[in-house]
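Remarks on the structure that follows.
The values are calculated or read from the model by the stated rules, or taken from the named source; none is laboratory data. Treat the numbers as computed from the prediction; the structure is a model and nothing was measured. Areas reflect the complete protein model, heavy atoms only, side chains present, ligands, DNA and RNA absent. Shrake-Rupley method; radii C 1.70, N 1.55, O 1.52, S 1.80 Å.
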Amino acid sequence: MSGICPVVDVVDTRSTCGTACAGLCTDDGIAAVLAADRALLHWRAMRGLGDSGLAEQAVQETLLRAWRSCAMFDARKGTVRTWLLAIQRNVMIDIARARAIRPADTEWDEVGQLSDVRYAHPDFADRLVDCLLVADLLARLPESQRTAVVEVILRDRAYQEVADDFGIPVGTVKTRVHYALRSLRRLPIGA
């Protein structure tokens, strides 16, 4: 057997992966993901779990789960990075729950914090990343659609109020928002 992982040589997942493949079933694919996203996954796991050993475990489990479900990746829903981050979120919740039920590994004052990781409010870094993603996506829209989305969705203003401010029919504002949101759903995130 050749290759880094004997399991990959024994079980050829490429034959099960079709057009909906994240590319993690090949050596080149996993190498590309490791080069591009390993640092982000580790940083996020460290911030969420607070322990470098658990962070490494979370990264490995994330990659393992992604590798196992490589054929279920749907590029229409986002990039491989966003898919990995969603998987990692579930992994971190599982790790936090496991730590919470093992009091020997966890201080009692940590139990509440660890069990509520999924309800935690995003910190500054998370909000910054979200803002950068939103700004990037909005920049891809035509000016008229971008303005309509910013006013109606982000500033939570009524369609009629926005229409009055711009001197256009309310139906035009609704149409711009509709087509902008439809376009945004089709755009790859972070690409």
Per-residue accessible area, 1.4 Å probe, largest first, puts Asp74, Asp27, Asp51 in the order Asp27, Asp51, Asp74
Ordering Ser183, Ser69 by the accessible surface of their heavy atoms, 1.4 Å probe, largest first, yields Ser183, Ser69
Rounded to the nearest 10 Å², the 1.4 Å probe accessible area of Cys25 is 10 Å²
Computed over region 24-68, protein heavy atoms only, probe 1.4 angstrom, the accessible area per residue in square angstrom equals 52 Å²
